[in-house]
Amino acid sequence: MGFSNDELLFLSSLFKTQHTTHLPKNQKLTVKSDIPTNIASLFQNANLTLLAEVGQYQLWFPLVFKVDTSGTFTPILSAPEVIDTQGNQRSWRWDNLNIESEGYCIESISSSGVFLKPQGNHKRLPDNQRMQFDLPNKKHVTITIEPVRHSKDGIAARIIDIHEGKEQLREYLFNLHKRQYANLYNTIPSS
């Protein structure tokens, strides 16, 4: 199932910062803040996602509904998880990092894993290692990782838990992806 032209226009407007996109005159896009009482409880603890496909990538946007004191629901769309669909479906990885943390250099990162180069006497990684570091955009992240592979090039580790900075990491990776693949975000396929 593909997206309609109106849906594509709406999604493309999420990624543009300089230009505004207008819907055709005969179409409206509205968000209702009053949800009927009989279904309102379904949205209070909803874990919803909005899926968009851009080239070979899937963008999974977390969507939550906040309720204010007057009972008005407000949809909140967060930065997406970027999934590379070629080969194994896995989180998109940024490979051009050089962040020092806990005796290791973080060379690449995704929302689900890291690749580390040991520094000094740190040749092996303990089974569960807690790491803290600041991303290049100065956002702080605290994770617990577990090694999955040691090689002469370094250590591949799976992120077990993101204690602090989960949304900031996802937003950082999404912004890098938009920059690296700007051509994908600037084109709207026609039906």
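Structure above, values below:
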{"quantity": "Residue identified as out of contact with any Pro (no Cβ under 8 Å at 6 or more places or on another chain) and not polar (S, T, N, Q) among Gly154, Gly103, Gly120", "calculated": "Gly120"}
{"quantity": "Residues of the range 154-191 classified as out of contact with any Asp or Glu (no Cβ under 9 Å at 6 or more places or on another chain) and open to solvent by 60 Å² or more (accessible area, probe 1.4 Å), total", "calculated": "16"}
{"quantity": "Complete set of residues in the range 63-93 that are assigned to a strand (DSSP E or B) and either farther than 15 Å from Ser112 by Cβ or hydrophobic (A, V, I, L, M, F, W, C) (or both)", "calculated": "Leu63, Val64, Phe65, Lys66, Val67, Phe73, Thr74, Pro75, Ile76, Leu77, Val82, Ile83"}
{"quantity": "Some residue of the range 114-122 being crowded, with 17+ Cβ neighbours inside 10 Å, among the charged types (D, E, K, R) and at pLDDT 90 or above", "calculated": "no"}
{"quantity": "Verdict on Leu50 being open to solvent by less than 60 Å² (accessible area, probe 1.4 Å), at pLDDT below 90 and not in a loop (DSSP other than H, G, I, E, B)", "calculated": "yes"}
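The values are calculated or read from the model by the stated rules, or taken from the named source; none is laboratory data. Just so it is clear, the model here is predicted, and its values are computed rather than measured. Because the Cβ atoms are built from the backbone with ideal geometry, glycine has one as well, and the counts that use them run over all protein chains shown. Each accessible area value is taken on the protein alone, full model and side chains, heavy atoms only, with ligands, DNA and RNA left out. Shrake-Rupley method; radii C 1.70, N 1.55, O 1.52, S 1.80 Å.
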